[in-house]
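Working notes, structure below.
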Amino acid sequence: MTEERKSKTVGTNRKAWHNYEILEKFEAGIELIGSEVKSLRAAKISFKDSFATIKRSEVILFNFHIAPYDKASHFSHEPERPRRLLLHRREIRKIQAKIEEKGLTIVPLRVYFSGQYAKIELGVARGKRKYDKRQAIAKRDADRDIQRAQKWKR
């Protein structure tokens with residue numbers, strides 16, 4: 001019997017969409033300890049400068065900040081500790097082959113709960129140059145102007 005899992009988004013990395021061109025997305029589980037899960041459910045996270053890398057056939061997430069849970073005892077977690085991501089070996093090999101290309105990196109895009117499990121959406125990305133960012137902003141502004149004009153036309 002298949003069970004539909006509800007997914008609740010905890011946070012999204014909006015800067016990643018601005019600073020990177022996302023080429024491919026992957027879903028991974030996150031290895032967490034108890035107080036991290038509580039803090040994650042309260043959405044006390046920050047994506048600032050976070051990235052993932054592959055070491056010894058494991059994907060490790062760095063600089064992903066999960067605030068300490070205020071009701072935890074003195075056995076609380078370290079906020080920016082490296083966290084292991086849970087992926088199948090073939091997915092890890094596929095990601096590794098992609099990032100060996102020039103200029104590609106792994107960035108977290110979104111954190112969410114799928115049922116009771118904490119998941120993270122990773123993106124294999126290429127950094128945008130300054131002129132690419134300006135083009136994207138100009139296109140967004142033009143689209144917004146077109147939408148306004150169509151709205152008043154009706």
- In the range 38-65, which residues are out of contact with any Phe, Trp or Tyr (no Cβ under 9 Å at 6 or more places or on another chain) and either polar (S, T, N, Q) or under 14 Å from Y112 (Cα atoms) (or both)? A43, S57
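Among the residues of the range 130-146, are any in contact (Cβ under 8 Å) with a residue 24 or more places away in the chain and closer than 19 Å to L32 by Cβ? Break it down into steps so the answer makes sense when it comes.
Let us first name the residues in the range 130-146 that are in contact (Cβ under 8 Å) with a residue 24 or more places away in the chain, namely 132-133, 136.
Of the ones still in play, those that are also closer than 19 Å to L32 by Cβ are none.
Checked the range 130-146: no residue is in contact (Cβ under 8 Å) with a residue 24 or more places away in the chain and closer than 19 Å to L32 by Cβ.
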- Inspect all residues belonging to the range 3-14 and state whether any of them is closer than 18 Å to R126 by Cα, in contact with a strand residue (DSSP E or B) (Cβ under 8 Å, 6 or more places away or on another chain) and not β-branched (V, I, T). yes
- Every pair of residues 6+ apart whose Cβ atoms lie under 8 Å, when the first sits in the range 16-38 and is over 19 Å from I66 (Cα atoms) while the second is assigned to a helix (DSSP H, G or I) and not acidic (D, E): H18/K133; H18/A136; N19/K133; I22/A16; L23/K98; E24/K98; F26/I95
- Query: Taking the range 39-73 as the region of interest, how many residues are closer than 17 Å to R84 by Cα, among the aromatic types (F, W, Y) and in contact with a His (Cβ under 9 Å, 6 or more places away or on another chain)?
  - Reply: 1
- Boolean, Y69 is surrounded by fewer than 18 Cβ atoms within 10 Å (Cβ to Cβ) and out of contact with any Asp or Glu (no Cβ under 7 Å at 6 or more places or on another chain): no
- Evaluate the range 107-124: report whether one residue or more is of a type in the set (S, T, N, Q) and under 19 Å from R14 (Cβ atoms). no
- Item | Identity of the residue in the range 107-141, in contact with a helix residue (DSSP H, G or I) (Cβ under 8 Å, 6 or more places away or on another chain) and in a helix (DSSP H, G or I), that ends up surrounded by the most Cβ atoms within 10 Å (Cβ to Cβ) | A136
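Give L104, L87, L23 a once-over and let me know the one that is farther than 18 Å from G127 by Cα and in contact with a helix residue (DSSP H, G or I) (Cβ under 8 Å, 6 or more places away or on another chain).
On the way: L104 fails: farther than 18 Å from G127 by Cα; L23 fails: farther than 18 Å from G127 by Cα.
Step by step, each of L104, L87, L23 is checked, and only L87 is farther than 18 Å from G127 by Cα and in contact with a helix residue (DSSP H, G or I) (Cβ under 8 Å, 6 or more places away or on another chain).
Go over the candidates E101, E36, E80 one by one and state the one that is touching a His at 6+ places or on another chain (Cβ under 7 Å), modelled with pLDDT under 90 and either under 30 Å from D132 (Cβ atoms) or among the aromatic types (F, W, Y) (or both). Working first, answer last.
Values: E101 fails: touching a His at 6+ places or on another chain (Cβ under 7 Å); E36 fails: either under 30 Å from D132 (Cβ atoms) or among the aromatic types (F, W, Y) (or both).
Going through E101, E36, E80 in turn, the sole match is E80.
The values are calculated or read from the model by the stated rules, or taken from the named source; none is laboratory data. Remember, predicted model here, so these are calculated numbers, not experimental data. Glycine gets a Cβ as well: all are built from the backbone with ideal geometry, and neighbour counts include every protein chain shown.
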